[in-house]
Amino acid sequence: MDPMNRAKELIERQIPDAIVEVSDLTGTRDHVSLLVASDVFKGKNLLEQHRMVMDILKEEFSQELHAVQIKTMTKEKRMNS
Amino acid sequence: MSDNPFQILDDQPSPPQLGEEIGETQGSDLQKKIQSLTNCADIVLFMKGNPQSPQCGFSANAVGILNQMGKPFKTFDILSDIDVRQGLKEYSNWPTYPQLYVKGELVGGNDILMEMHREGNLQKLFDTL
């Protein structure tokens, strides 16, 4: 499985209610844009939200995942956007 | 260094080759060094390269945003110091570069910088300095 799908799966496993959308930034499937919508982000500031995702992907970063662009939001915000 | 503009993250540090600067600072000295670097100015950007020649797309983007804020800022080229480059990731529990610090606190990487800038929060934060 390529880094892109592995990243998505890891996040979905760690944040069960998450809606995760991935897209390939550069065609090499290791520079990934990630949108993660979940209610675990409620009440957390931006850094804490992103850090949650980064922590989940930490192992991946030492493997093949090179770069991610992260967007986090609550599920409610995702529905209205 | 690959010329891929998006290369924002270093791979596992390769074992130091002959002549490559071998980091001497370890342990608490490294912590002290990082502490002083992150506090050497109100605004410090740890990046790959320097503002005149950024070595990655995200670092260049971060500099571009900071240049619009009208506030002085310092940068540190993490490619020049393998210990700071590794140590800062553990220090801030943030695995990628660039990293922006304001008053010694991690504000975030490129994504957060862009989102805060877009929502005007970066200017608000800098206006408090």
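The values are calculated or read from the model by the stated rules, or taken from the named source; none is laboratory data. In this text the structure is predicted, and so the values were computed from the model without any measurement. As a convention, Cβ positions derive from the backbone with ideal geometry for all residues, glycine included, and neighbour counts pool all protein chains shown. These accessible areas exclude ligands, DNA and RNA; they are computed on the full protein's heavy atoms, side chains included. Shrake-Rupley method; radii C 1.70, N 1.55, O 1.52, S 1.80 Å.
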TODO: May I ask for the net charge around A:Val22, where only other residues with Cβ less than 14 Å from the Cβ of A:Val22 are counted and Lys, Arg are +1 while Asp, Glu are -1?
DONE: -3
Open item on the list: Taking the solvent-accessible surface of protein heavy atoms with a 1.4 Å probe, what is the per residue accessible area of the stretch B:28-127 in Å²?
Closed with: 41
Open item on the list: Could you compute how much accessible area chains B and A hide from each other, both sides summed, with a 1.4 Å probe? Nearest 100 Å² is fine.
Closed with: 1800
Open item on the list: Tell me which of B:Ile43, A:Pro3, B:Asn93 sits at the most positive position along the dipole axis of the protein assembly as shown, charges placed on C-beta atoms (Lys, Arg +1; Asp, Glu -1).
Closed with: B:Ile43
Open item on the list: Just the number please: accessible area per residue for chain A, 1.4 Å probe, all protein chains included, in Å².
Closed with: 49
Open item on the list: Can you compute the equivalent ellipsoid semi-axes for the stretch B:29-108, i.e. the square root of 5 times each eigenvalue of the Cα gyration tensor, sorted largest first and rounded to whole Å?
Closed with: 19, 14, 11
Open item on the list: I'd like the GluC sites (Glu not before Pro) in the stretch A:1-63 restricted to DSSP loop residues with at most 11 other Cβ atoms within 10 Å, sorted by number.
Closed with: none
Task: Cβ-derived FRET efficiency at R0 22 Å, B:Ser53 paired with B:Gln86, nearest 0.05 - done: 0.45
Task: Helix A:46-62 vs. chain A, principal-axis angle (Cα, 0 to 90°, nearest 10) - done: 20
Open item on the list: Give the residue list of trypsin sites (Lys or Arg not before Pro) in the stretch B:40-123 that are DSSP loop and have at most 14 other beta-carbon atoms within 10 angstrom.
Closed with: B:Lys103
Open item on the list: Net charge within 13 Å of B:Asp111 by Cβ-Cβ distance, Lys/Arg positive one each and Asp/Glu negative one each, not counting B:Asp111 itself?
Closed with: +1
Task: Taking N as its residue count, the alpha carbon Rg of the protein assembly as shown over 2.2 N^0.38 Å - done: 1.02
Task: Estimated Rh, chain A: Kirkwood, alpha-carbon pairs, angstrom - done: 12.6
Task: Distant-in-sequence amide H partners of A:Val68 (H built 1.01 Å from N, under 5 Å) - done: A:Val32
Task: Percent accessible area from carbon and sulfur atoms, the protein assembly as shown, protein chains only, probe 1.4 Å - done: 52
Task: Kirkwood estimate for the stretch B:66-129, i.e. one over the average of 1/r between Cα atoms, Å - done: 12.7
- [ ] Pop out a list of residues from the stretch B:76-117 that are at least 50 Å² less accessible with all the protein chains around than in their chain alone; 1.4 Å probe, no ligands or nucleic acids counted.
- [x] B:Asn93, B:Trp94, B:Pro95, B:Asp111, B:Ile112, B:Glu115
Open item on the list: Defining a contact as two alpha carbons under 8 Å apart and six or more residues distant in sequence, what relative contact order in percent does chain A show?
Closed with: 34
